[in-house]
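Each remark here refers to the structure printed beneath this line.
No lab work stands behind these numbers, since they all come straight from the coordinates. No experiment lies behind these values; they were computed from the predicted model shown. Virtual Cβ from ideal backbone geometry, glycine too; neighbours counted across all protein chains shown.
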Amino acid sequence: MGIGDKPKFDIYIILIYLALILIGWLTIYSAAQVSQYHGILDMDQLYGKQILWIGLAFLIISFILAMDVKFFERFGSIIYIISLLSLLGLFVFGKELNGAKSWYSLGSMTLQPSEFAKAATALAVAKFLSGINISLKNTKDLLLVGLIIALPALFIIPQPDPGSALVYGAFFFALHREGLSLWYLSLVLVAIGLFLGTLVLGTWWIALIILIAMTVIFLLSQKRRHKKRLPKPRIILFLIISGVCVLYSLSTNYIFNNLLEDRHRNRIDIVLGRVEDNQGVGYNINQSVIAVGSGGFAGKGLLEGTQTQGGFVPEQETDFIFSAIGEEWGFIGASLVIILFMSLCYRLIIMAERQKNQFARIYGYSVAGIFFIHFFVNIGMVLGLLPTVGIPLPFMSYGGSGLWGFTILLFIFVKLDGHRMSYEH
């Protein structure tokens, strides 16, 4: 791209964005259960407010695309610090809604800074990793980037909003692309597996499984070495790992019963099948699954869903909006939404790989990871496959903060990609 050439923004990403927003607004309109219709701009209704948020999102897009492309790299650290301060300010000035102190009250509207912190953190991670002589093989650099990712999550958890904090695990995708070993992800998966396995099977069975698994690994290691005896340090390492795993398993019940809140314990128990509570904590999930299942292949039609129009699924216009899509749009509509999100993530990875600038590539992978985690966890939650953690479906769930935060996150990358041929580090 020459100096006088215009930027070429990715049309596929823009079309996917518009499609998701349109489907989301139609579903919010359907889930509003309005007895009297006063027009789509009725500000007393959720769909009317969402039209306003969408209009302002388009204004934000215009602002981002008009900015100097190097602004985001130059001021990424400052944006990140401002974001951290906005999260800290919630503990003093925040407004509590639905048991969480996660919003600032601005007159008749509220603003949730955690929705904007994801883009700020992605900029900070990209800024740090694209620095000179930075390597994830260096322990100090790895710890520093880990701290950049962990700080906003640590500020969000006590609000309490563990769902939003969970999203920060998405940065593993970007870190792995830049050289982080898969062993780190393996450790996390093993820890989760041991935790859930202990809750389901009990400590005794998990300890036995650990010992059997380590014995098998030990024997396979011997076989690869032509049945030669393993060195003593390797044997000691196997014993240490086995001991740590057993001790971790023994601590699971204490962590579960003393560090998690009742609502989180109940939601995990329901998903694991340890308890059944279709009228209490499990009511949302149960009604959501009924709504999705009742949609059949083609759905009941817009404004025709009995669960949706009857208001049987709480938070259906926000976290559980996919259940309304499943009921009224059926398997076809639900599949379309899933395909759109998968296409969004796939396209973002393609765009990230074609970047000539490391900052833009890292930011692109961060964006793809964040959207994937939101999409995967939200739909898994609605289908009853994952615990209810309360994170929105990007561009579709009702709310200005979420829509604007995801729009900023996406279109910063659209801007970087549009100038990729002329944008140099």
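In terms of the mean number of neighbouring beta-carbon atoms within 10 Å, the peptides 332-338, 48-54, 377-383 order highest first as 377-383, 48-54, 332-338. The packing ranking of peptides 292-305, 17-30, highest mean first, is 17-30, 292-305, where packing means the average number of other beta carbon atoms within 10 angstrom of each residue.
Report, in listed order, any pair from K95/K300; K95/K127; K49/K95; K95/K415; K8/K70 with a Cα-Cα distance greater than 27 Å. K95/K300; K95/K127; K95/K415, as the Cα separations exceed 27 Å there. Dividing the convex hull volume of the alpha-carbon atoms in region 84-183 by its residue count gives 104 Å³ per residue. Full extension of the segment from L85 to K356, taken as 0.36 nm per residue of separation minus the current Cα-Cα distance, would add 94.3 nm. Here the chain is treated with +1 on each Lys and Arg Cβ and -1 on each Asp and Glu Cβ, and its dipole about the Cα centre works out to around 2460 debye.
Based on DSSP H segments of at least four residues, each scored -39500 (n - 2.57), the chain has a per-residue ellipticity at 222 nm of -22000 deg cm²/dmol. Between the residues W53, L87, G99, the greatest Cα displacement towards the positive end of the dipole of region 15-99, with unit charges on the Cβ of Lys, Arg, Asp and Glu, is found for L87. Remark: spin-label model distance N257-S105 equals 4.0 nm, labels positioned 7 Å along the Cα→Cβ axis.
Size of the chain: Rg and Dmax of its alpha carbons, in Å, are 23.6, 81. Of the DSSP H helices in the chain, those that are both long (alpha-carbon extent of 24 Å or more along the helix axis) and hydrophobic (Kyte-Doolittle mean at least 1.0) are 11-31, 46-66, 76-93, 139-156, 182-201, 203-224, 232-258, 330-353, 358-382, 400-418. Taking 7 Å steps out from each Cα toward its Cβ at I134 and L250 produces label points 4.1 nm apart. Considering only M396, V188, A66, the residue lying farthest towards the positive end of the dipole of the chain is V188, judged by Cα position with unit charges set on Cβ.
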